[in-house]
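The values are calculated or read from the model by the stated rules, or taken from the named source; none is laboratory data. Quantities reported herein were computed from a predicted structural model and do not represent experimental measurements. Accessible surface areas use protein heavy atoms only, side chains included; no ligands, DNA or RNA. Shrake-Rupley method; radii C 1.70, N 1.55, O 1.52, S 1.80 Å.
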Amino acid sequence: MRSKYLLPVLTFSFLLGSTITMAAQDEQKSDKIGKHPTAEQMEQIKCNRMVKELMLDDATSAKFIPLYKQYLKELKACKPHDKDMKNAEKKGTLTNATAEKLIKEQFTQTRKKVDIQEKYYGEFHKFLTPQQILKLYRHKDKKMDKRNMMGSPRKMIMRSQQLHQNQKAG
C-alpha cells in the first residue's frame, strides 16, 4: 500500500519544488530588469574600476577617489548638450551653418578638456606616477573613442560634405 502512494507523493513534491524554484528565479530577474544604477553609483563604479586599473593601495585610493570624481564632473560639464544638432545630423537635415557650429563646438570642447587635464595633472602628480596619470588620461580617451559621441572634426567635415552633395544632387 505504501508503494501505491509513494510515486504520486514524490511526483507532487518534485513538481511543487520545481514551481517554487522557478517562481523565485523569475522574481530575481524582475528585480534586476529596469533597475539601472544611479548616477552616483555609476560614478563610484568608474572610480573603483580606475583604482583597480591603476593598482592603487588604500591610502592612495583615499586621496584619488574624491579628486577623480571632481575631475569627471568637470569633464562632464564641458560636453556639448545640443541634441537638436545631433538629431539634424542623423536625419540628414544638417546645414553648412549647423555643421560649422558643430565643428567649432568640438574644437572648444577639446580645448576645455585639455585645460582640465592640465589643471588636474598637478593634483594627480602629487600621489600618482606619470605612467598612472597617462593610463588615466588614455582610459578616458579610449572610452570617448568607443562612444564616438560627436566624432572627430575630420569625420564631421566629411559627413557635412556628403550631406551637402546629397542636397545638391537631390
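For E74, the solvent-accessible surface computed with a 1.4 Å probe is close to 50 Å², ligands and nucleic acids excluded. When F124, F12 are compared by accessible area at a 1.4 angstrom probe, the order from most to least is F12, F124. What the phi angles of the range 52-64 give under the Karplus curve with 6.51, -1.76 and 1.60, with θ = phi - 60°, is a coupling list of 5, 5, 7, 6, 8, 7, 4, 5, 5, 5, 5, 7, 6 Hz, glycine and proline written as x. So if I take the centroid of the Cα atoms in the range 42-60 and the same for the range 89-116, what is the distance between those two points in Å? About 32 Å separates the Cα centre of the range 42-60 from the one of the range 89-116. Of the cross-linked pairs K76/K104; K46/K101; K46/K126, which ones have a Cα-Cα span greater than 24 Å in the structure shown? Result: K46/K101 exceed 24 Å. Sequence-ordered 3J(HN,Hα) estimates for the range 113-122 from the Karplus curve with 6.51, -1.76 and 1.60 and θ = phi - 60° stand at 4, 5, 4, 5, 4, 5, 4, 7, 4, x Hz, glycine and proline given as x.
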